[in-house]
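Since the structure comes first, as structure tokens, the remarks are kept for the end.
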Amino acid sequence: MTAESRPAVWTRTSAARDALRDRAAWALVPTMGDLHEGHLDLVRAAASVGPVVVSVFVNPTQFAPGEDYDRYPRRLEADVERLAALGVIGVFAPTVDELYPTGESTRVDVGAVARPLCGAHRAGHFEGVATVCTKLFAGLRPPVAAFGEKDAQQCLVLHRLVEDLRFGIDLLFVPTRREDDGLAMSSRNRYLEGDQRTTARALSAALEHGGRRLTAGERDVGVIEAAVRGVMIDAGVDVDYAEMRRVPSLAHEARAEGRVLLAVAGHVGRARLIDNRCFDVRDDAVASAPLMDAHTPEAVAARWADRTT
Ligand code: AMP
């Protein structure tokens with residue numbers, strides 16, 4: 001790594017904003033750090049827009065009491081090195097005081113789409129996500145921001161947020177990066193010990209099972225959910241939820257139809273893991289689908305193809 005290729009590291013919103021002010025096309029990739037290949041896929045996809053800035057911030061307000069905020073892995077120096085190798089121009093790594101200074105009190109509640117699934121199991125989680133992303137969006141004014149479909153509900157919450165608060169940010173949703181056996185990459189996979197790693201495969205296996213039931217013609221959401229939950233329980237996962245919901249509303253409907261999200265969450269040892277698959281369900285055919293057609297890497301790249309930085 002050459003000295004020139006090292007990204008700028010900003011800890012102040014004002015410093016980052018000043019450095020980025022004159023750029024018309026750049027993309028922000030918000031993360032909590034401890035970067036893995038899934039995060040790097042976001043960076044690669046975002047690079048089709050222009051220069052990429054990655055934020056690294058373990059956001060305290062999105063962790064419920066008793067969750068893993070204190071032990072969440074923090075490895076900023078290693079993260080910066082990995083990002084340098086990808087040509088990232090800047091890393092925004094604020095302190096907690098920078099984003100939550102004494103006296104701040106504003107919180108952002110996106111409403112219905114934040115209620116089910118992880119919203120029902122992690123008190124205040126999406127309020128924390130929406131609040132910190134509002135701070136990032138308002139503070140840095142990115143033209144584009146990239147998020148992973150791994151956190152599909154988060155994508156839908158932020159889509160609602162950007163629409164409702166008129167941020168005018170083009171959102172990019174990147175497919176989930178998986179290990180060879182199907183396990184979705186996650187910083188929390190580090191918590192898995194011994195044969196828990198094998199148990200964790202049950203999440204993606206359960207989703208595949210649900211997909212096969214759909215493909216075989218099953219359309220009763222309750223039947224599919226029970227089958228998916230069963231795969232996880234049999235493997236020893238302590239299930240939080242296994243649900244099929246409509247996209248983008250996350251409404252729960254009795255019959256699978258149109259764009260649906262099959263989403264699961266559960267505990268394996270100390271790790272709380274989530275995963276999901278999205279399908280297009282028609283009367284006579286079922287196909288894997290992106291979360292939102294307008295926000296795929298291809299769609300976003302096409303919109304920005306003619307723009308200059
Ligand atoms: P995190 O650091 O866990 O908050 O994740 C930062 C961003 O990376 C979020 O938009 C996540 O959805 C995304 N992400 C995390 N894991 C993956 C993965 N396995 N594949 C694709 N994106 C991911």
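The values are calculated or read from the model by the stated rules, or taken from the named source; none is laboratory data. What you see is a predicted model, and the numbers here were worked out from it, not measured in a lab. In this analysis, Cβ positions are derived from the backbone assuming ideal geometry, glycine residues included, and neighbour counts consider all displayed protein chains.
Please indicate, with yes or no, whether at least one residue in segment 109-130 is crowded, with 18+ Cβ neighbours inside 10 Å, in a helix (DSSP H, G or I), touching an Asp or Glu at 6+ places or on another chain (Cβ under 7 Å) and of a type in the set (D, E, K, R). Checked against the condition, which is being crowded, with 18+ Cβ neighbours inside 10 Å, in a helix (DSSP H, G or I), touching an Asp or Glu at 6+ places or on another chain (Cβ under 7 Å) and of a type in the set (D, E, K, R), segment 109-130 yields at least one hit. Residue-level check: of (1) more than 12 Å from the ligand (Cβ to nearest atom); (2) out of contact with any helix residue (DSSP H, G or I) (no Cβ under 8 Å at 6 or more places or on another chain); (3) closer than 19 Å to L262 by Cβ, A200 misses just (2).
Which ones in segment 13-41 are within 16 Å of the ligand (Cβ to nearest atom), over 18 Å from I169 (Cα atoms) and of a type outside the set (A, V, I, L, M, F, W, C)? Result: G33, D34, H36, E37, G38, H39, D41. Only one entry of R74, R141 meets the criterion of being modelled with pLDDT of 95 or more, farther than 27 Å from A25 by Cα and either surrounded by fewer than 19 Cβ atoms within 10 Å (Cβ to Cβ) or hydrophobic (A, V, I, L, M, F, W, C) (or both), and that entry is R74.
Listed by position, the strands (runs of 3 or more DSSP E) inside segment 211-309 whose residues that are loosely packed, with under 15 Cβ neighbours inside 10 Å number at least 2 are 258-268, 286-288. When A24, A16, A3 are checked against the criterion of being at pLDDT below 95, under 19 Å from F167 (Cβ atoms) and not acidic (D, E), a single residue qualifies: A24.
Residue by residue, here is whether (1) touching a strand residue (DSSP E or B) at 6+ places or on another chain (Cβ under 6 Å); (2) under 19 Å from A265 (Cβ atoms) holds:
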site	(1), (2)
G139	no, no
V144	yes, no
E149	yes, yes
R178	yes, yes
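Looking only at residues in segment 127-183 that are of a type in the set (G, A, S) and touching a residue at least 40 places away in the same chain (Cβ under 8 Å), which one is farthest from the ligand (Cβ to nearest atom)? Restricting to residues being of a type in the set (G, A, S) and touching a residue at least 40 places away in the same chain (Cβ under 8 Å), the top hit is G139.
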